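Okay, so here's the structure we're looking at.
The values are calculated or read from the model by the stated rules, or taken from the named source; none is laboratory data. What you are looking at is a predicted structure, and each value in this text was computed from that prediction instead of being measured. Please note: Cβ atoms are built from the backbone with ideal geometry, for glycine as well, and neighbour counts cover all protein chains shown. Just so you know, the surface numbers come from the protein's heavy atoms only, side chains and all, with ligands and any DNA or RNA stripped out. Shrake-Rupley method; radii C 1.70, N 1.55, O 1.52, S 1.80 Å.
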Protein chains: 2
Amino acid sequence: MGLKALDYETLNENVKKVQYAVRGELYLRASELQKEGKKIIFTNVGNPHALGQKPLTFPRQVVALCQAPFLLDDPNVGLMFPADAIARAKHYLSLTSGGLGAYSDSRGIPGVRKEVAEFIERRDGCDADLELYYPWEGDGILVPVPQYPLYSATISLLGGSLVPYYLEETANWGLDVNNLRESVAQARSKGLTVRAMVIINPGNPTGQCLSEANLREIINFCYQENLVLLGDEVYQQNIYQDERPFISARKVLMDMGPPISKELQLISFHTVSKGYWGECGQRGGYFEMTNLPPQTVDEIYKIASIALSPNVPAQIFMGLMVNPLKPGDISYEQFIRESQGILQSLRRRARIMTDGFNSCKNVVCNFTEGAMYSFPQIRLPLKAIEAAKKAGKVPDVFYCLKLLEATGISTVPGSGFGQKEGVFHLRTTILPAEEDMPAIMSSFKKFNDKFMDEYEDKWNQSRM
Amino acid sequence: MGLKALDYETLNENVKKVQYAVRGELYLRASELQKEGKKIIFTNVGNPHALGQKPLTFPRQVVALCQAPFLLDDPNVGLMFPADAIARAKHYLSLTSGGLGAYSDSRGIPGVRKEVAEFIERRDGCDADLELYYPWEGDGILVPVPQYPLYSATISLLGGSLVPYYLEETANWGLDVNNLRESVAQARSKGLTVRAMVIINPGNPTGQCLSEANLREIINFCYQENLVLLGDEVYQQNIYQDERPFISARKVLMDMGPPISKELQLISFHTVSKGYWGECGQRGGYFEMTNLPPQTVDEIYKIASIALSPNVPAQIFMGLMVNPLKPGDISYEQFIRESQGILQSLRRRARIMTDGFNSCKNVVCNFTEGAMYSFPQIRLPLKAIEAAKKAGKVPDVFYCLKLLEATGISTVPGSGFGQKEGVFHLRTTILPAEEDMPAIMSSFKKFNDKFMDEYEDKWNQSRM
Ligand SMILES: Cc1ncc(COP(=O)(O)O)c(C=O)c1O
Ligand SMILES: Cc1ncc(COP(=O)(O)O)c(C=O)c1O
């Protein structure tokens with residue numbers, strides 16, 4: 001046999017099957033165009049700093065001091081760093097055993113874990129126990145569609161089966177528990193063991209916030225069906241309306257009381273990449289386990305140990321995020337000003353984008369209640385769908401590529417997230433700078449309306 | 001069925017099978033003792049900063065400035081940072097798109113990848129092309145025994161089979177290619193497809209450095225047997241003798257010329273955790289692929305994309321490590337002084353440890369030619385082996401636990417790395433502070449010799 005071990009033909013089939021659109025064809029073409037000198041507006045990944053968002057000052061001061069602890073002995077340190085940043089840096093250094101360059105416990109620095117636990121206690125009003133770091137394995141897993149492809153990709157890589165449940169676009173991307181029941185029944189009839197259910201709240205790419213009533217239904221459903229609930233809550237700080245504030249799955253579960261609050265297995269996720277922090281490149285987060293038996297926790301710890309240690313600087317960002325400055329602290333005013341500035345601007349941008357999309361021909365878009373994305377439906381005329389087929393492209397990929405070439409706006413086609421047959425979307429972040437927004441939206445509208453005019457077929461009614 | 005999805009009984013069998021001794025029973029007991037107030041000398045993990053090694057100043061200055069780029073606009077920056085650190089920070093910031101808080105390309109920041117490629121070119125005298133980040137999958141994989149359990153654990157987690165080849169303790173932990181042939185033949189007779197071979201050079205836990213001749217043999221063997229060679233070269237800066245300097249598998253391969261240099265598939269690993277940097281908590285590294293077909297590289301990129309981005313600050317450490325200061329740079333003298341100080345002290349400590357172990361009753365130890373470990377053989381008397389059995393412990397675990405309780409020295413039993421039947425070892429790092437070394441070794445000797453006296457059975461000859 002002439003094949004070598006790492007020839008494509010020999011690779012594991014699960015690897016080949018993985019689909020990952022966020023950095024797929026559109027992204028690669030955008031990178032090419034950029035190299036050719038074209039100005040590209042990258043709205044394909046929720047990557048705020050790449051689009052000009054400034055990092056919060058205080059956490060960066062603290063981590064810089066932790067990286068360079070010799071600065072703490074420099075008589076000039078007070079000229080460049082406020083006293084509270086200095087104190088906080090000393091605090092975190094005292095929690096490590098050897099500073100940022102030492103492996104930490106595989107579960108994370110105990111003192112930082114404590115800060116995370118206290119944060120969850122404050123947020124949810126009940127005790128917390130938790131671990132850092134992120135492994136995985138599974139059979140059938142319920143995942144919302146449309147969904148963030150991290151889930152589909154990981155499940156496919158590990159040889160599991162994604163069991164889709166559809167979010168209702170006409171009900172503001174709400175989650176109907178009857179759909180869940182149907183999805184599970186269908187999966188079981190195919191012989192799958194359904195083991196877990198993922199919720200993304202606030203939603204990516206759909207931007208909806210789950211209500212408390214909806215969360216209760218989901219929890220009850222998981223309990224009845226004996227599923228682990230995986231709560232992806234990385235966007236919990238990103239809320240752009242006041243009717244449905246973020247409420248954690250854990251809080252709802254705890255409020256439901258025993259037996260369910262003592263039995264339902266729940267894993268919740270949070271990260272420093274999102275919120276008004278946007279510290280994506282630092283790679284920090286935690287997951288929190290509720291009602292997992294100690295033996296399972298031991299196994300998770302063992303697997304986490306293989307990677308030795310989570311990234312220590314990122315743990316400090318995590319600590320700073322869950323244990324923020326308090327009124328009266330020297331840097332408090334600046335911290336609040338920066339945070340509010342980011343959040344309020346995101347709220348305005350969510351509005352501008354939704355309204356912008358809804359002003360376009362054959363485009364309808366739900367409001368971005370939370371997270372950082374807009375997910376407009378693009379009602380493609382039949383002639384456009386045919387043109388796409390002729391070009392050998394999925395229709396929404398065809399549309400997004402044309403959008404990219406015409407305007408430099410780099411989006412992700414809805415097919416990367418899953419959508420109902422014959423319905424098309426694109427995803428864009430709401431992250432471009434606020435002052436650029438009107439120009440971006442009018443450039444989009446100009447492209448879209450021209451596209452629609454070109455392909456419009458008056459004999460064909462596009463459908464919802 | 002009353003079992004829930006994350007009950008222990010339901011977990012994936014591959015997870016349960018994983019063994020990971022470096023953070024196993026000994027480590028947990030040591031942590032307990034520490035909590036009880038006992039002074040513990042943690043020599044179980046190669047974690048230099050945790051044992052007091054100071055980080056190099058220059059890279060920390062650069063990364064601190066990258067974390068807090070607003071310092072670059074502070075008129076006082078020159079009081080606290082040298083000009084070359086300021087220049088270098090600006091350089092790395094200019095390579096990112098959005099500073100340390102932005103996701104980078106999943107393959108790493110292009111500019112840093114270029115620096116890594118240039119480093120490899122300088123080191124090996126030939127072109128390099130490479131990717132950052134670390135996925136994996138496999139069937140049968142040849143792994144040295146004794147070996148670093150990262151390999152056994154990962155292979156077992158992924159459902160592959162470890163195919164052991166034994167290093168020869170009496171030949172200074174050398175690698176005999178005839179052993180390799182035997183191991184492969186045996187694995188094939190069991191129906192395994194042997195796909196890859198791991199070498200660790202310099203060795204962990206065994207500390208040997210592979211000679212050029214030996215590397216040629218290995219490369220020829222992999223070529224004949226159609227195996228990918230995985231070269232774990234994370235200790236390439238850690239060399240404590242002059243007869244066998246580090247030589248990369250890639251250089252040897254390239255020097256062998258075509259067809260083999262154009263065909264053998266090789267993946268080489270390097271990290272900022274080791275060397276005289278010891279930046280373990282930063283979690284940075286790269287792997288470099290030689291002769292992998294572009295389609296496979298695309299698949300690896302796709303899988304890496306799922307995790308979005310490697311840790312950006314760690315990529316800057318990587319850049320600083322492969323592109324160090326040059327003579328004439330302002331901080332050069334200090335950088336060299338610090339680096340040399342660490343390396344020369346490690347060299348002396350390697351000597352003190354080897355000699356110390358060899359002065360003990362029933363202990364024989366090869367010299368640590370490289371890496372950061374000493375791996376003495378402990379010739380346990382029969383009575384000690386029986387006592388261990390009675391206590392329900394593996395004999396070397398029994399010995400190491402007693403050592404821990406008596407002296408606070410936390411080591412890893414040889415059984416965690418694999419060893420021949422009936423032969424026992426322990427692994428310790430050479431990292432405790434040099435001034436503490438004599439006391440540690442005499443505390444060890446006192447414990448060991450007493451232990452041996454206690455269990456010595458004059459009727460039983462312990463064997464090599
Ligand atoms: C829903 C969701 N979960 C998780 C993540 C992962 O974030 P990170 O890996 O940066 O923490 C993302 C990133 O966009 C996301 O959208
Ligand atoms: C042989 C070997 N390879 C790889 C590693 C992993 O190092 P890291 O994950 O810190 O880069 C280690 C750590 O001790 C090692 O000994």
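Each residue in segment B:21-55 was checked for being open to solvent by 20 Å² or more (accessible area, probe 1.4 Å) and under 21 Å from B:Leu157 (Cβ atoms), and 4 of them qualify.
Does segment A:33-67 hold any residues that are polar (S, T, N, Q) and in contact (Cβ under 8 Å) with a residue 12 or more places away in the chain, and which are they? Within segment A:33-67, A:Thr43, A:Asn44, A:Asn47, A:Gln53, A:Thr57, A:Gln61, A:Gln67 qualify. Can we say B:Leu229 is outside any helix (DSSP H, G or I) and open to solvent by 10 Å² or more (accessible area, probe 1.4 Å)? Spelling it out, it is not the case that B:Leu229 is outside any helix (DSSP H, G or I) and open to solvent by 10 Å² or more (accessible area, probe 1.4 Å). What do you reckon, is A:Glu121 free of Cβ contacts under 8 Å to residues at least 40 places away in the same chain, away from every other protein chain (no Cβ under 13 Å) and under 26 Å from the mean Cα position of the chain (by Cα)? In short, yes.
Can you go through B:Lys458, B:Lys446, B:Lys389 and tell me which one is at pLDDT below 95 and more than 29 Å from the chain's Cα centre (by Cα)? Selected residue: B:Lys458, the only one of B:Lys458, B:Lys446, B:Lys389 that is at pLDDT below 95 and more than 29 Å from the chain's Cα centre (by Cα). Could you check segment A:143-158 and list, in sequence order, the residues that are of a type outside the set (A, V, I, L, M) and within 9 Å of ligand 1 (Cβ to nearest atom)? Answer for segment A:143-158, where residues must be of a type outside the set (A, V, I, L, M) and within 9 Å of ligand 1 (Cβ to nearest atom): A:Gln147, A:Tyr148, A:Tyr151.
Determine if segment A:299-309 includes at least one residue that is farther than 30 Å from B:Pro48 by Cβ and either buried (at least 22 other Cβ atoms within 10 Å of the Cβ) or more than 15 Å from ligand 1 (Cβ to nearest atom) (or both). Looking through segment A:299-309, none of the residues is farther than 30 Å from B:Pro48 by Cβ and either buried (at least 22 other Cβ atoms within 10 Å of the Cβ) or more than 15 Å from ligand 1 (Cβ to nearest atom) (or both). Counting only helices (runs of 4 or more DSSP H) that sit completely within segment A:288-389, those holding 3 or more residues that are among the polar types (S, T, N, Q) correspond to A:294-306, A:332-358.
Screening A:Gly416, A:Gly422 for residues that are open to solvent by 10 Å² or more (accessible area, probe 1.4 Å), within 21 Å of the chain's Cα centre (by Cα) and in the same structural domain as A:Cys360 (by TED's automatic domain parsing) leaves exactly one candidate, A:Gly416. Of the listed requirements (1) crowded, with 18+ Cβ neighbours inside 10 Å; (2) at pLDDT 95 or above, B:Asn220 misses just one: (1). Remark: B:Ile199 falls outside the filter, which requires a residue to be open to solvent by less than 50 Å² (accessible area, probe 1.4 Å), farther than 26 Å from B:Asp139 by Cβ and in contact with a helix residue (DSSP H, G or I) (Cβ under 8 Å, 6 or more places away or on another chain).
A residue that is open to solvent by 40 Å² or more (accessible area, probe 1.4 Å), away from chain A (no Cβ under 11 Å) and either under 30 Å from B:Glu25 (Cβ atoms) or touching a residue at least 40 places away in the same chain (Cβ under 8 Å) (or both) occurs somewhere in segment B:69-88. Note on segment A:89-111: residues that are open to solvent by 30 Å² or more (accessible area, probe 1.4 Å), more than 7 Å from chain B (Cβ to nearest Cβ) and modelled with pLDDT under 90 total 2.
Taking the stated definitions as given, is B:Leu6 at the interface with chain A (Cβ under 9 Å from one of its Cβ atoms), in contact with a helix residue (DSSP H, G or I) (Cβ under 6 Å, 6 or more places away or on another chain) and of a type in the set (A, V, I, L, M, F, W, C)? Taking the combined requirement at face value, the residue satisfies it. Of all the listed residues (B:Thr290, B:Thr354), the sole one being away from ligand 2 (no atom under 16 Å from the Cβ), away from chain A (no Cβ under 14 Å) and open to solvent by less than 50 Å² (accessible area, probe 1.4 Å) is B:Thr354. Report yes if some residue within segment A:223-241 is in contact with a helix residue (DSSP H, G or I) (Cβ under 7 Å, 6 or more places away or on another chain) and small (Gly, Ala, Ser); otherwise report no. Yes - at least one qualifying residue is present in segment A:223-241. Across segment B:33-68, the number of residues qualifying as within 16 Å of ligand 2 (Cβ to nearest atom) and more than 10 Å from every other protein chain (Cβ to nearest Cβ) comes to 2. Candidates in segment B:319-330 are the residues that are more than 13 Å from chain A (Cβ to nearest Cβ) and in contact (Cβ under 8 Å) with a residue 60 or more places away in the chain; of these, the one that is nearest to ligand 1 (Cβ to nearest atom) is B:Gly319. Exactly one residue out of A:Val252, A:Val198 is assigned by TED's automatic domain parsing to the domain that holds A:Tyr166 and part of a strand (DSSP E or B): that is A:Val198.
State which residue is surrounded by the most Cβ atoms within 10 Å (Cβ to Cβ) when the search covers only segment A:314-339 and only residues that are within 19 Å of A:Leu95 (Cβ to Cβ) and among the β-branched types (Val, Ile, Thr). Only one residue fits best here, namely A:Ile316. Look at (1) closer than 30 Å to A:Gln147 by Cα; (2) in contact with a helix residue (DSSP H, G or I) (Cβ under 7 Å, 6 or more places away or on another chain); (3) within 16 Å of ligand 2 (Cβ to nearest atom); (4) outside any helix (DSSP H, G or I) and you find that B:Gly278 fails only one, number (1).
This table checks each residue for (1) open to solvent by 50 Å² or more (accessible area, probe 1.4 Å); (2) within 14 Å of chain A (Cβ to nearest Cβ); (3) within 16 Å of ligand 2 (Cβ to nearest atom); (4) under 22 Å from B:Glu169 (Cα atoms).
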{"residue": "B:Gln208", "(1), (2), (3), (4)": "no, no, yes, yes"}
{"residue": "B:Glu212", "(1), (2), (3), (4)": "yes, no, no, yes"}
{"residue": "B:Leu215", "(1), (2), (3), (4)": "no, no, no, yes"}
{"residue": "B:Gln236", "(1), (2), (3), (4)": "no, no, yes, yes"}
{"residue": "B:Phe246", "(1), (2), (3), (4)": "no, no, yes, yes"}
{"residue": "B:Lys251", "(1), (2), (3), (4)": "yes, no, no, no"}
{"residue": "B:Leu264", "(1), (2), (3), (4)": "no, yes, no, no"}
